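Trainee: Here it is, the structure in full.
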Amino acid sequence: MTFLTLLLQTAPGGGIMQLVFPVAIGLVLYFFMIRPQQRKTADAKSFRESLVKGTRVVTIGGLHGLLVEVGPETVLLEVERGQRLRFDRSAIARLAGSTTAAETVATTA
C-alpha cells in the first residue's frame, strides 16, 4: 500500500476526531509561535515611534549614543562629542542601560 492510501483509510466512527487533532495543532502553533511574534513586532514598532531627542539608545550593531535629532525615518546619534551618525529608526534596538526588550518597552510605556 502506498502512503496516500494509508492516509485515506479511516476507522469507523473516527471522522470527527481526525478533524479535531489538526485544528488543535493549528491553535497551538498560533498561540505559541505566531501571536507572540506579532506582539513582539508591535512592541518594537511602538518603541521606535516613541523615540525622543535626548534619549540614550543602543543600535542593533551595539553602538551606544545620544539621540540628537529624530526624524520620521532616520535619527541622528551622537556617539562622542562632535561625532554624529545617521541611522534608520529600525536600527535602534533598545534604550541604553536596559538589558532586555521587555525592560525597554516597560520604560517607554
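Trainee: Can you find, within region 74-96, the residue that is surrounded by the fewest Cβ atoms within 10 Å (Cβ to Cβ) among those that are in contact with a helix residue (DSSP H, G or I) (Cβ under 9 Å, 6 or more places away or on another chain) and among the basic types (Lys, Arg)?
Mentor: It comes out as Arg89.
Trainee: Next up: List pairs: first residue in region 17-43 and at negative phi, second residue in a helix (DSSP H, G or I) anywhere in the structure, Cβ distance under 8 angstrom, at least six positions apart or on different chains.
Mentor: Taking only residues 6 or more apart or on different chains, the pairs are Lys40/Ala101; Asp43/Ala101; Asp43/Val105.
None of the figures in this text is laboratory data; all of them are computed from the coordinates on show. Note that the coordinates shown come from a computational prediction; the quantities given were computed from them, not determined experimentally. Positions of Cβ are backbone-derived with ideal geometry, glycine not excepted, and every protein chain shown enters the neighbour counts.
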